[in-house]
1. If you go through region 80-126, how many residues are open to solvent by 60 Å² or more (accessible area, probe 1.4 Å), not aliphatic (A, V, I, L, M) and not in a loop (DSSP other than H, G, I, E, B)?
2. Give the residues of region 37-79 that are under 25 Å from Val132 (Cβ atoms), assigned to a strand (DSSP E or B) and not hydroxyl-bearing (Ser, Thr, Tyr), sorted by residue number.
3. Looking only at region 144-181, count every residue that is surrounded by fewer than 16 Cβ atoms within 10 Å (Cβ to Cβ) and in a strand (DSSP E or B) and tell me the total.
4. Can you tell me which residue within region 127-137, out of those that are in contact with a strand residue (DSSP E or B) (Cβ under 6 Å, 6 or more places away or on another chain) and open to solvent by 10 Å² or more (accessible area, probe 1.4 Å), is nearest to Gly82 (Cα to Cα)?
5. Of all residues being over 18 Å from Asn44 (Cβ atoms) and touching a residue at least 40 places away in the same chain (Cβ under 8 Å) in region 64-79, which is surrounded by the most Cβ atoms within 10 Å (Cβ to Cβ)? Just the residue, please.
6. Looking at (1) in contact with a Lys or Arg (Cβ under 9 Å, 6 or more places away or on another chain); (2) hydrophobic (A, V, I, L, M, F, W, C); (3) touching a residue at least 60 places away in the same chain (Cβ under 8 Å), which is the one condition that is false for Trp149?
7. Return the pair list, or none, for Cβ contacts closer than 8 Å from residues in region 85-105 that are within 25 Å of Asn160 (Cβ to Cβ) to residues that are among the acidic types (Asp, Glu) and modelled with pLDDT of 90 or more, at least 6 apart or on different chains.
Amino acid sequence: MNGTSKSSLANLLKQPIVVALVLGMEALTATSVYAAQTVTLAWNATPAAKGYMVYTSADGVNYQPPIDAGAGTSISLSGLRGGDTNFFYVTAYDDSFAQSAPSTPISYIVPGGMTMSAKVSAHAPAQMNFSVAPGHTYTVQASTDLKNWVTVLQTNAVQNQWITYQDPLAATVKMRFYRTLSD
């Protein structure tokens, strides 16, 4: 086993791995509806681990081949698309690349996604959903001409989730445009 004793491998395989998200966002480009997002995953060190493998999935069932994070206890993953939900788990490995049991999977909704629901009648409020990350302030603005914008909602996100907003004034105008801004 390349110098690894059976007892240290057994200890490695018993160590729980705790994964946390450290959030980061990149700027929205003028040519894209979605901003490329980055998330940093961090986990506790496991004694006797020589490195860590990070597994990613778009559905929480079918995971991609692992990313070798080396001996560090964090990794930044970029190119995530706003509004998508991503799932992650981590395993530790020893000198012979034998892997530990996986950490508890975590999910992350990438901020920056927005969906609009069709109005059921001319007098129904417009409804939008947008994804947020904790620790950020989000502002929803509306416009009838794409030049003059008015704030219709401001919220401080305390968790990673989808926010739903219904605009009661949407029924009073022929056309209304929306955008979200974050700090």
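The values are calculated or read from the model by the stated rules, or taken from the named source; none is laboratory data. All values derive from a computational prediction rather than experimental measurement. Here Cβ is always computed from backbone atoms with ideal geometry, including for glycine, and neighbour counts include all displayed protein chains. Protein only, heavy atoms only, side chains kept; ligands, DNA and RNA dropped before computing areas. Shrake-Rupley method; radii C 1.70, N 1.55, O 1.52, S 1.80 Å.
1. Number satisfying all stated conditions: 4.
2. Gln37, Val39, Leu41, Ala42, Trp43, Val54, Ile75, Leu77, Gly79
3. So the answer is 12.
4. By that ranking, first place goes to Asn129.
5. Ser78
6. (3)
7. Once the first residue is within 25 Å of Asn160 (Cβ to Cβ) and sits in region 85-105, its partners that are among the acidic types (Asp, Glu) and modelled with pLDDT of 90 or more give Phe87/Asp59.
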